[in-house]
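No lab work stands behind these numbers, since they all come straight from the coordinates. Note that the structure is predicted; figures quoted are calculated from it, not measured. Here the Cβ positions follow ideal geometry from the backbone for every residue, glycine too, while neighbour counts run over all protein chains shown.
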Amino acid sequence: MPDPRPLRAVIVDDEELARAVLREHLAAHPDVQVVAECVNGFEAIKAVSAHAPDLLLLDIQMPKLDGFEVLQLLDRDVAVIFVTAYDEHALRAFAVHAVDYLLKPFSAQRLGEALAQARQRVGRPAAVPPSRLAAAARRPGEWLARLIVRDGAQVHVIPAEAIDSIQAQDDYICIRAHGRRHLKQQTLAEIEGQLDPSRFVRIHRSWILNIDRLARLEPATRDSRTAVLRDGTQLPVSRAGHARLMELL
Amino acid sequence: MHPILADRGRLALYLAAWAPVGGLIAAALALPDRRAAGEAIGLALPLALSGAFLCLAVWPLCRSLPLGATDPARLVATHAAGATVTCVLWLLVGAAAAGLMERLPAFAGAAVRYRRDIPMLLLAGALVFVLAALAHYLMIAFERSRAAERAALELQVLARDAQLRALKAQVNPHFLFNSLNSISALTSVDPARAREMCVLLGDFLRGGLRVGEREQIPLSEELALAQSYLAVEQVRFGPRLRVETEVEPQARGCLVPPLLLQPLLENALNHGIAHCLSGGAVRLGARVCAGQLELQLANPCSADRPRGRGTGMGLANVRARLAALHPGDARVDLQERDGVFRVDVHLPAVGAEAAAAETASAEAATAVAATAVTPTTTAPAGGEPTREDPRDA
């Protein structure tokens, strides 16, 4: 018996033929309605905001934003089925509570199983939003190469090397890069764990510094110092932060 | 160093083998009416010991006069001179031993008795020298055949290794999976193109297998292979991928290691075009300049693409293969400027003189391949009108 409410799905893949396979297979499931097809991550984020789908069929390797980065930026809960030719992301996919992980090429039956899983998942919101999980999912030994920040309708991709410093601000972090500030909902401890520790150091309870930007250190009080960056910015350095900084230099 | 001297165990074994020779010498010296057994043993001991080491000195002589490659007259003359020197040295050792023994009252007259036996010892010495030379020649022949066997095996392993690596690079699993997925899509949308894609994929895989076994192939063949790879990827990327080639006719005949361009093309597509929203053109150029074959591959690249994932392996492979083939004479330069990534490969232009003969046939071959690469617009599946398809817009 078909579900009275159809499953609203969005297909995200940069390859026309890959979308065509999904479209064709989904046509055999009358209870699934494709509300949008997207050719890249930016479109996917917009489509999720606009259509509020139940299900995202998401490719991983895409230009600009990969599938995991798309998840980080979603502002609502949605069931995700990854569809990719790469099997090495499977662990990460389940770390972000993906419903299923389809390997290209896949059979109609395999997609059917994934959809059955998705139907069970829909209507039961995840305990932790996927965006939060996606930010933490990282391959072991691999550091964050770029930060993805959403600013209203705009998405900023900030390469790690472009980051000057990061400041904790309540539940947010303020990222300074290219002379601009970006706000992102994440804790400083979380982002500290994801950044390359040979380049980024926690110099203070609420500051992370890219050591390439450091020009000099100046004494401030008996117990603390001030870091002067190449652009003249001054940041506080705590005693523990100074010890960590010295260890790295 | 002599192989017997280099190994303590071998040396002990060798000296043990000389013990019976020493016994024989002692027996000969103690023949009736010649001298007492004690004197014979006293003489035989230094004679056998020095004989053992003098025989090892034949080794450098044998090595410098390889059988078959030396004029027979020179061989005989040199060995005769060697035998003379060795025997004289050996007899001097015996004379010294006899001289020392004569100082003892028990062995009075030992030196005179020794002088009497010199002709017999000389004969024996010459005989042992000939035997030693023969033994050394045998040993050298044996060692040489073993070394040749080992070298041949090593070369085989290296070649196999290179072939395996090339094949592995060629059948990048993701390339295969993505291609199969494209075929899976085409089977219902456009069966004719699905079949065409199977043929393209087959051509590429077969081509790679065929050239992978050879050490070097003409650039024209390498280009044909590159074209068939690009033709397969063209189906997947659609209009996002454009290919522009500019190859001097003179460059076509130059020899390159097979599948040299393959990892570079893969990088250009997977780390370049794949990360550009609207795609771009891969430009492939080849020319001959001042005895050097210059290959150039340029592709647009996105500044904020994820870095350091798998680009190094393919490049390291290209560099290693070129360095093995043209030590110090080949280089690979990388450059990223204004959103364009460029790889320049320089290697000696070998085999360019054969270009003229091959140009005609090569051009015909690549003309066929080029038509296959020309972007053909994919007809989107008959989707429902409510769906957004940017290609329809």
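Points to keep in mind about this one:
- Estimated dipole of the protein assembly as shown in Debye, rounded to 20 [Cβ of Lys and Arg +1, of Asp and Glu -1, Cα centre]: 2180
- With the simple spin-label model, which puts each label point 7 Å out from Cα in the Cβ direction, the B:L5 to B:C198 separation comes to 7.2 nm.
- The three principal axes of the Cα atoms in region A:150-249 give end-to-end lengths of 46, 24, 23 Å, sorted in falling order.
- Reachable aspartates and glutamates from A:K64, criterion Cα separation under 12 angstrom, eight or more residues apart if same chain: A:D14, A:E43, B:D304
- Coupling constants for region B:104-109 follow from the phi torsions by the Karplus curve (6.51 cos²θ - 1.76 cosθ + 1.60, θ = phi - 60°), and in residue order they are 7, x, 5, 10, 4, x Hz; glycine and proline get x.
- Calculated mean residue ellipticity, 222 nm, the protein assembly as shown: -16000 deg cm²/dmol, from DSSP H runs (n ≥ 4) at -39500 (n - 2.57) each, averaged per residue and rounded to 500.
- Simple label model, 7 Å out from Cα along Cβ direction - B:M139 to B:R63, nm: 1.1
- Restricting the GluC sites (Glu not before Pro) of region B:238-316 to loop positions (DSSP other than H, G, I, E, B) with no more than 12 neighbouring Cβ atoms within 10 Å leaves nothing.
- Rounded to whole Hz, the Karplus (6.51, -1.76, 1.60) HN-Hα couplings of region A:223-232, x for glycine and proline: 9, 10, 10, 10, 8, 9, 8, 4, 8, x
- Here the Debye sum runs over all C-alpha atoms of the protein assembly as shown as equal scatterers in vacuum, and log10 of I(q)/I(0) at q = 0.09 Å⁻¹ comes out as -0.86.
- Each residue of region B:255-263 was assigned a 3J(HN,Hα) from its phi angle through the Karplus expression (A = 6.51, B = -1.76, C = 1.60, θ = phi - 60°), giving 8, 9, x, x, 6, 5, 6, 3, x Hz with x at Gly and Pro.
- Amide H partners (placed H, <5 Å) of B:V340, local residues excluded: B:C301
- Taking amide hydrogens as placed 1.01 Å from N in the peptide plane, the amide H of B:L293 sits under 5 Å from those of B:L347, B:A349, each at least 5 positions away in sequence or on another chain.
- Taking region B:83-126 and a reference point 7 angstrom along Cα→Cβ of B:A36, the backbone N atoms nearer than 15 Å belong to B:101-111, B:113.
- Charge dipole (debye, nearest 20) of region B:71-139; +1 at Cβ of Lys and Arg, -1 at Cβ of Asp and Glu: 180
- Across the options B:L269, B:L241, B:A194, the greatest Cα extent toward the positive end of the charge dipole of region B:189-273 (unit charges at beta carbon of Lys, Arg, Asp, Glu) belongs to B:A194.
- Cα shape, region A:1-100, gyration tensor, a/c 1.5 rule: rounded
- Theoretical FRET efficiency, 1/(1+(r/R0)^6), r = Cβ-Cβ of B:I118 and B:A152, R0 45 Å, to 0.05: 0.35
- Beta bridge orientation in the protein assembly as shown: antiparallel %, DSSP, nearest 5: 70
- Mean separation of Cα contacts under 8 Å, 6 or more apart, over the residue count of region A:164-249: relative contact order %: 22
- Whether region A:150-196 is rounded, prolate or oblate, judged on the alpha carbon gyration tensor where a/c under 1.5 counts as rounded: oblate
- Computed over region B:206-291, the P(r) curve from all C-alpha pair distances, binned at 5 Å from the origin, holds 3, 13, 24, 22, 18, 12, 6, 1 percent per bin.
- Unit charges at the beta carbon, dipole of region A:58-124: most positive-side option, A:A93, A:A114, A:V70: A:A114
- In nm, spacing of pseudo-spin labels at A:S198 and B:L49 (7 Å Cα→C-beta vector): 6.2
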